Amino acid sequence: MKINMTLHAIIPLLLSISVCRASPELDLLEVKIRAELRGTEWRIEKDWRSITLTRKDVQFLNPRNSAQALLNISDDDWWHQNASISDYRITITLDTKLRQAEYDDMLRLQRRMTEKRTADVAVDTKDFHSISIEAQGVIRLPNYYLERFSVYVYTSDGNLFRIRPDSVQADQGKILRILETTCRRYQTKGEQVGAPNDR
């Protein structure tokens, strides 16, 4: 009886330890990212399933909140008056792999939800973009895939903000290029890109 109880306690622990080990795929991404960002102000942290890059004191500006076109002020003054300052993060997460067919199903659901939520909202407005981003967050799709994992990329700006210093945007581009060359993209309608082998 004691042996059975001990096994019941140990087995979940052993399973959790095996799951929590960082994967070789994540290790490879970390090596490439550290080499690319060497000598910069980014802090890089890794756990068993993700890599988080943090850059402190970055300016965020939502162009839709400003009226620079109507103001006779310099670009620097415009940033000073309208931008907020916060840490900037890029998080790359490996998770359970979606097959192409599963990705297609989730993409249809995501698009349907977005259409319903934005049905009565004027296109190309701040509200439209905010609601669209929120809907996409409810049904989150991976950005890439590897042989064993789907790969999700989260950024602080959410593609809605302008960022200063410019080096942050440049470094983000370098990270995305690493992912583009290391990972593959799912097929989406109208795009001719590679799909997972395990459809």
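No lab work stands behind these numbers, since they all come straight from the coordinates. Quick caveat: nothing in here was measured; it's all calculated off a predicted structure. Cβ: placed from backbone, ideal geometry, glycine included. Neighbour counts: every protein chain shown.
Using the structure shown, list the pairs from 46/174; 32/56; 116/189; 56/174; 46/97; 46/126 with a Cα-Cα distance above 25 Å, or answer none.
In this structure, 46/126 lie more than 25 Å apart at Cα.
Under a point-charge model restricted to the Cβ atoms of Lys and Arg (+1) and Asp and Glu (-1), what is the dipole moment magnitude of the range 116-178 relative to its Cα centre, in debye to the nearest 20?
140
Using Cβ counts within 10 Å as a stand-in for footprinting exposure, how do 33, 133 rank, fewest first?
Fewest-to-most ranking of 33, 133: 133, 33.
At what distance in angstrom do the alpha carbon centres of the range 131-163 and the range 101-123 lie from each other?
For the range 131-163 versus the range 101-123, the Cα centre distance is 15 Å.
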